[in-house]
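The values are calculated or read from the model by the stated rules, or taken from the named source; none is laboratory data. Quick caveat: nothing in here was measured; it's all calculated off a predicted structure. Using ideal geometry, Cβ is built from the backbone for each residue, glycine included, and neighbour counts are taken over all protein chains shown. When the accessible area is computed, the model is the full protein with side chains, heavy atoms only, and any ligands, DNA or RNA have been set aside. Shrake-Rupley method; radii C 1.70, N 1.55, O 1.52, S 1.80 Å.
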Amino acid sequence: MPRAVVIGGGIGGLTAGIALRRKGWEVTVLERAPRLEPVGAGVAVAANALKALDAIGVGDRVRKLSRLQGQVGLRSPDGRWLTRTTEDKAREKFGDSVVILHRATLVDVLVDALGADALRLGTTVTSVERDSVRTADGVRAADGVLEADLIVAADGIHSATRAALFPAHPGPVYAGVTAWRGLVPALDREIRSTETWGMGLVFGAHQMDDELIYYYATDLSPAGATHGDEREELLRRFGGWHDPIPDLIRASENDRILRNDLYYFDRPLEAMHRGRVALLGDAAHPMTPNLGQGACQAIEDAIVLAMAASGELASEELTSGELATDELTSGESEASASIGGDVMEARLAAYTAARLERTAMITRQAMNICRATKLRNPLAVGLRDAGMKAASRLTPDLMLRSMEQVLGWRPPAPVSSGPGPAARG
């Protein structure tokens, strides 16, 4: 059967491994960490990503283990609503809403679906060749080489694979914003999902389950700045904001508050593949979290990539089955054979065509929102807030309409296959 090596055991890499295995691939997922300890606290899985997870049979499991976002909206620091909508309206429009769950829970679901036999922890990739991956494993050089028909680089925002494939690309750019994330015990009342915008400041909170609340906060900051006491920094910035923000910060354990600077692509890659190597998730299109789409887009990538690599997406370079048949090992069907380099590159061109423009659009939209949150001038902030309130009165479902291109996505339908081992477009 065709072989795939996935570099990176995060959400995108695990999803890609599952999707490929379901299509008959032999898959090995390589993860540098000796055990999976997901960075982050909570994760939002929106309607588009839930539909993608349905395609690999884990959507309902994720829904069961998560909590619906419910009413959601934007508020000012004094608690006044700027705009809002409800889960019912989102479900009516998109067939699903947004669910919130612990990132570790989502990773556990994906690992279970992938299978332990396909995951290699504590494995460092040292180089990516045309049709193989070299790792630091093994006493002899050959022990650390994994041959592959497809290599999937899901190695994160500072992807070494991306840097090697696209050396002229400038890489991620600092957004000028740092972010805090935390989990705290549930309060004596259930909170609404909300995000509050101030002057250059943002604070969001979501009830994740009956026991935990997930929160995040952002502020302008020089890249790499450090603080001795992150909780005190948060109280200094947000301590005077509306309920329950101060209570959430005070309930935080200082050593469990995560903080990281936010980066994004100011310029998209020219392609999301080179040869047999495909990039996905943050390795392909890092974005700010303002649309809550970082993990969601990695999940979309993974589903589309598995379809493309299996010949289920139309490609201009591969318009008939003859090339695919010629490239297969003699006497074998595609289910048990290697896939020729020309065929795989043509299939990955279909992946780029399906994903590059969409992910670039979402990256731009997220950064546009980030810029709006960075405003510090009181006059500009007042105009921003007044504009949102006025627009919401004129268009009550403004939030949903603004997200239609993002949340309305569905996995593409596979092209029909004619006689022979290769699907074609």
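A few points about this structure:
- Residues being among the small types (Gly, Ala, Ser) and touching a residue at least 60 places away in the same chain (Cβ under 8 Å) - total across the range 211-257: 3
- Residue within the range 276-290 that is over 30 Å from GLY73 (Cα atoms), open to solvent by 10 Å² or more (accessible area, probe 1.4 Å) and either acidic (Asp, Glu) or at pLDDT 95 or above (or both) present: yes
- Only residues that are over 29 Å from the mean Cα position of the chain (by Cα) and either over 30 Å from GLN297 (Cα atoms) or among the polar types (S, T, N, Q) (or both) were counted across the range 382-404, and they come to 7.
- Only residues that are small (Gly, Ala, Ser), out of contact with any strand residue (DSSP E or B) (no Cβ under 6 Å at 6 or more places or on another chain) and part of a strand (DSSP E or B) were counted in the range 98-137, giving 0.
- Wholly within the range 301-420, helices (runs of 4 or more DSSP H) carrying at least 3 residues that are out of contact with any Leu (no Cβ under 8 Å at 6 or more places or on another chain) and either of a type in the set (Phe, Trp, Tyr) or modelled with pLDDT of 95 or more (or both): 341-373, 378-394
- Among the residues of the range 165-208, those identified as more than 30 Å from LEU379 (Cα to Cα) and either among the β-branched types (Val, Ile, Thr) or over 22 Å from the mean Cα position of the chain (by Cα) (or both) are PRO167, ALA168, VAL184, PRO185, ALA186, LEU187, ASP188, ARG189, GLU190, ILE191.
- Residue list for the range 141-181, restricted to those being surrounded by 15 or more Cβ atoms within 10 Å (Cβ to Cβ), of a type in the set (Asp, Glu) and more than 13 Å from ASP282 (Cβ to Cβ): ASP149
- Candidates GLY228, GLY240, filtered to the one that is at pLDDT below 95 and in a loop (DSSP other than H, G, I, E, B): GLY228
- Residues in the range 62-82 that are in a helix (DSSP H, G or I) and either crowded, with 17+ Cβ neighbours inside 10 Å or among the β-branched types (Val, Ile, Thr) (or both): VAL62, ARG63.
- Flag if ALA55 is under 22 Å from GLY204 (Cβ atoms), at pLDDT 95 or above, crowded, with 16+ Cβ neighbours inside 10 Å and small (Gly, Ala, Ser): no
- Matching entry among ALA44, ALA4 (being in a strand (DSSP E or B), buried (at least 16 other Cβ atoms within 10 Å of the Cβ) and touching a Leu at 6+ places or on another chain (Cβ under 6 Å)): ALA4
- Odd one out for GLU270, checked against (1) closer than 27 Å to CYS296 by Cα; (2) assigned to a loop (DSSP other than H, G, I, E, B); (3) open to solvent by less than 60 Å² (accessible area, probe 1.4 Å); (4) not β-branched (Val, Ile, Thr): (3)
- One residue alone among ILE151, ILE157 is within 26 Å of ASP255 (Cβ to Cβ), within 25 Å of the chain's Cα centre (by Cα), outside any helix (DSSP H, G or I) and among the β-branched types (Val, Ile, Thr), and that residue is ILE157.
- Any chance GLU26 is surrounded by fewer than 21 Cβ atoms within 10 Å (Cβ to Cβ) and either modelled with pLDDT under 95 or touching a helix residue (DSSP H, G or I) at 6+ places or on another chain (Cβ under 6 Å) (or both): no
- Lone qualifier among LEU53, LEU30 - being more than 15 Å from the chain's Cα centre (by Cα) and touching a residue at least 40 places away in the same chain (Cβ under 8 Å): LEU30
- Residues that are closer than 20 Å to PRO77 by Cβ, surrounded by fewer than 20 Cβ atoms within 10 Å (Cβ to Cβ) and of a type in the set (S, T, N, Q) within the range 185-238 comprise just one, SER221.
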